[in-house]
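Everything on this sheet refers to the single structure shown next.
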């Protein structure tokens, strides 16, 4: 019997889905946090990147703890990139991504993205949802290897949990939309989600994305101006929601990103499926 089967249009593996395999690339590996120390290391890394490096504005409690923590952390899975040359435990955490499934979000009563977007279309989506966010990598590891591992980790996760749609808020490091007018216009004009998936920025926070003439854009310059994570989503066939949102706490302008998970899975699993199957044997 072939170990790969197709269910509802998403290729899935006939494997033990209760375990997430640790995937390796050189001295780096990616896996789900298993201990409180590992989750704490992810929150400490987020604090260093978002607050100390990127200038986000901490609350007194955040400053005291030197941790980026919110209520969603307790129900999330935390994907970790670990440099095993440092240590194979919390001491080696150099990258992280927060993953919140639909049933986990129900424990909070909402998804994080609903702070910025009306996600009613997603609530009506006939499939399993995964919200991704709080992605960051230590400044010494921001090359191809760490990001490739994070993408492979997400692909593994959506396979194992039969996720149908991945979404979240992705950030541009700027709070003046006029400074990124061309980038926002490019995203809206070229990658707007179809109506069935088109989440919309909350009216009291909405920033218009169509800010310049889309027909005169320098597309190459627009792509250079987009963060690597957003470009990665677009390469996977991702969409953006309608409207951007300024996040003054994190010094960013956010856009909603949506990716049908089979696009990500197909890209990464044509190459890594055998390795995953071997890891789970």
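A quick yes/no check of all residues on (1) at pLDDT 95 or above; (2) over 15 Å from residue 100 (Cα atoms); (3) assigned to a helix (DSSP H, G or I); (4) in contact with a strand residue (DSSP E or B) (Cβ under 8 Å, 6 or more places away or on another chain):
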residue: 127; (1), (2), (3), (4): no, no, no, yes
residue: 132; (1), (2), (3), (4): yes, no, no, yes
residue: 148; (1), (2), (3), (4): no, yes, yes, yes
residue: 151; (1), (2), (3), (4): no, yes, yes, no
residue: 155; (1), (2), (3), (4): no, no, yes, no
Test for residue 225: is it touching a strand residue (DSSP E or B) at 6+ places or on another chain (Cβ under 6 Å) and either surrounded by fewer than 20 Cβ atoms within 10 Å (Cβ to Cβ) or at pLDDT 95 or above (or both): no
Residue list for segment 54-68, restricted to those being in contact with a helix residue (DSSP H, G or I) (Cβ under 6 Å, 6 or more places away or on another chain) and surrounded by fewer than 17 Cβ atoms within 10 Å (Cβ to Cβ): 66
Candidate set from segment 138-163 (those that are crowded, with 17+ Cβ neighbours inside 10 Å and over 17 Å from residue 23 (Cα atoms)); member that is farthest from the chain's Cα centre (by Cα): 138
Selection from segment 96-119 of residues that are assigned to a loop (DSSP other than H, G, I, E, B) and either buried (at least 21 other Cβ atoms within 10 Å of the Cβ) or touching a residue at least 40 places away in the same chain (Cβ under 8 Å) (or both): 111, 116, 119
Residue satisfying condition, being farther than 21 Å from residue 162 by Cα and under 19 Å from the mean Cα position of the chain (by Cα), within set 59, 29: 29
Residue match in segment 124-133 (condition: in contact (Cβ under 8 Å) with a residue 40 or more places away in the chain, in contact with a helix residue (DSSP H, G or I) (Cβ under 6 Å, 6 or more places away or on another chain) and farther than 15 Å from residue 230 by Cα): no
Test for residue 222: is it in contact (Cβ under 8 Å) with a residue 12 or more places away in the chain and either farther than 23 Å from residue 122 by Cβ or part of a loop (DSSP other than H, G, I, E, B) (or both): yes
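The values are calculated or read from the model by the stated rules, or taken from the named source; none is laboratory data. Owing to the predicted nature of the structure, the values given are computational and were not obtained by experimental measurement. We place every Cβ from the backbone using ideal geometry, glycine too, and count neighbours over all the protein chains shown.
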